[in-house]
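The values are calculated or read from the model by the stated rules, or taken from the named source; none is laboratory data. In this text, all values refer to a predicted model and were calculated from it rather than measured experimentally. Here Cβ is always computed from backbone atoms with ideal geometry, including for glycine, and neighbour counts include all displayed protein chains. Accessible surface is based on the protein model in full, side chains and every heavy atom, while ligands, DNA and RNA are left aside. Shrake-Rupley method; radii C 1.70, N 1.55, O 1.52, S 1.80 Å.
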Amino acid sequence: MAGFLDLLLVDPDIDALLSSEADLKAMLQVELALTRACGLSGLIPQDSATAVERAAASFEPDVPRLAEDTRRDGIVVSGLVKQLRAHVGEPHGRHVHFGATSQDIIDTALSLRLKYVFDVLDRRLGRLLDALSDLESRFGTHCLMGRTRMQAAIPITAGDRLGVWRGLVERSRASFRDVWHRNLILSLAGPAGTSDKFSDKIGEVRLAMGRQLHLTVPDYVPHAARDRIAALGSWLSATTGALGKIGQDVALMAQNELGEIELAGAGGSSAMAHKQNPVAAEVLVTLARFNAVQVSGLHHAMIHEQERSGAAWTLEWMILPQMLNATGTALLHAQSMIEAVKRIGQPA
């Protein structure tokens, strides 16, 4: 059953892409890509690779059992591989998960899901820019009072303020490409990052998997090097911060004493019928502050001890989905808020 806060604080599209069901589907994709690549390179028998792929088509993981396995092991992959091997059966099942470690599967599955999440965010950024440009064309010449430190300064146009808003979103979208490239990568380095089971064939296996999954192959071992995740978190916080600045401006402009903006569909009050609360603007500020707090956690999660950390990695699992959801939700509210603007300032 959906909660009453869901329409306010949950992005249904991002939520679905980051669900346990989507995660398991992505992990199975990675396991199959690994099996195919190992079969092509001769690391496992080709008939075993074919048998695994055929059996996987009818594989349905036992999720309650996986939850118990995860409680015990701290990771889901051990239980998932055990179930998949049993489903495939011998002699072929033993070749599932050849040479990989749990982190290879989980991190690569994250990259697969992030591809779709990034597509959603990028499309929304584009639509928001279009809406802001439309707003400028409608009200850009209208008069506003410029304010510095929340005090009246000198007259400006609505276009002056709208240009700041649009520039923030434009720069956010432009910087997204680097984050996108850094995070859509394959992880395959084995238990301690040495790829020992693959011997001299690790390069061709990685390339084959990368082609299948449409991911790039990094020139470093990503297990304990989490700067790409920290960069993603920083971008998410900067993006919601940009939207929060817009929301803060709108909330101030909507004050009765100023009346510098008129919004359709403003929120009501249980006690004061005259109120028209700028709810979307307020939520943009909330989500910006939420992500600003969470990004510090992702920077803490960079501190992996030796070749891999359970604690830091688990912290990442807790924080990153919430930040992605907050960013998607903020973009939805920003779009609806900008489209609801009926007037900014006064005609010249």
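Some observations on this one:
- Within the range 60-117, the ratio Rg/Rh, alpha carbon atoms throughout and Rh by Kirkwood, equals 1.00.
- Principal-axis analysis of the Cα atoms of the chain puts helix 46-56 at an angle of about 50° to the longest axis.
- The range 1-63: translational diffusion in µm²/s, Stokes-Einstein, Kirkwood Rh over Cα pairs, 37 °C, 0.692 mPa s: 233 µm²/s
- Element breakdown for the range 97-178 at a 1.4 angstrom probe: carbon and sulfur atoms account for 54% of the accessible area.
- Cα-based helix-to-principal-axis angle, 20-41 vs the chain, degrees rounded to 10: 40 degrees
- The chain: angle of helix 63-73 to the longest principal axis, Cα-based, in degrees nearest 10: 80 degrees
- For the range 332-348, putting each phi into the Karplus relation 6.51 cos²θ - 1.76 cosθ + 1.60 with θ = phi - 60° gives couplings of 5, 5, 4, 4, 5, 5, 5, 5, 8, 5, 9, 7, 10, x, 10, x, 5 Hz, in residue order, rounded to whole numbers and with x for Gly and Pro.
- Computing FRET efficiency as 1/(1 + (r/R0)^6) for Asp227 and Asp160, where r is the C-beta to C-beta distance and R0 is 51 Å, gives about 0.85.
- Convex hull volume of the Cα atoms of the range 138-251, normalised per residue: 136 Å³.
- Nearby lysines by direct alpha-carbon distance to Lys342 (threshold 19 angstrom, same-chain neighbours under 8 apart not counted): Lys275
- With helices as the sole contributors, the chain gives -21500 deg cm²/dmol at 222 nm; each DSSP H run of n ≥ 4 counts as -39500 (n - 2.57), and the sum is divided by every residue.
- With q set to 0.09, 0.14, 0.20 Å⁻¹, the log10 of I(q)/I(0) for the range 68-204, from the Debye formula over equal scatterers at the Cα positions, is -0.55, -0.82, -1.19.
- Applying the Karplus relation 6.51 cos²θ - 1.76 cosθ + 1.60 with θ = phi - 60° to the range 95-112 yields 3J(HN,Hα) values of 8, 5, 6, 4, x, 8, 10, 4, 5, 4, 6, 5, 5, 5, 5, 4, 4, 4 Hz, where x marks Gly and Pro.
- Heavy-atom accessible surface of the chain, averaged per residue, reaches 49 Å², computed with a 1.4 Å probe.
- Extension gain, Ala86 to Tyr116, is 7.7 nm, computed as 0.36 nm per intervening residue step minus the present C-alpha separation.
- When the alpha carbon gyration tensor of the chain is reduced to an equivalent ellipsoid, its three semi-axes come out at 48, 20, 17 angstrom, largest first.
- Alpha-carbon centroids, the range 293-334 and the range 1-53: separation in whole Å: 20 Å
- Within the range 1-119, the ratio Rg/Rh, alpha carbon atoms throughout and Rh by Kirkwood, equals 1.04.
- The three principal axes of the C-alpha atoms in the range 148-197 carry coordinate ranges of 69, 20, 7 Å, sorted with the longest axis first.
- The H on the amide N of Ile156, modeled in the peptide plane, is under 5 Å from the matching H of Leu144, Met145, Gly146, each at least 5 residues off or on a different chain.
- For the range 277-320, convex hull volume per residue from C-alpha positions, Å³: 54 Å³
- Of interest is the spacing of the C-alpha centroids, which for the range 58-114 and the range 183-253 amounts to 21 Å.
- Interchain or long-range residues, amide H under 5 Å from Asp11's placed H: Thr329
- When peptides 150-159, 166-175, 202-211 are ranked by their average number of other Cβ atoms within 10 Å per residue, the highest-first order is 202-211, 166-175, 150-159.
- Fully extending the segment from Asp15 to Arg127 would add 38.3 nm, taking 0.36 nm per residue of separation and subtracting the current Cα-Cα distance.
- In the range 1-98, the chymotrypsin sites (Phe, Trp or Tyr not before Pro) that fall in loop regions by DSSP, at most 12 other Cβ within 10 Å: Phe4
- Legend: calculated FRET efficiency, Phe4 to Cys143, from the Cβ-Cβ distance at R0 = 30 Å, rounded to 0.05, equals 0.15.
- Averaging 1/r over each pair of different alpha-carbon atoms in the range 190-331 and inverting the result gives 18.4 Å, the Kirkwood hydrodynamic radius.
- If the segment from Leu258 to Lys342 were pulled out straight at 0.36 nm per residue, it would be longer than the present Cα-Cα gap by 28.7 nm.
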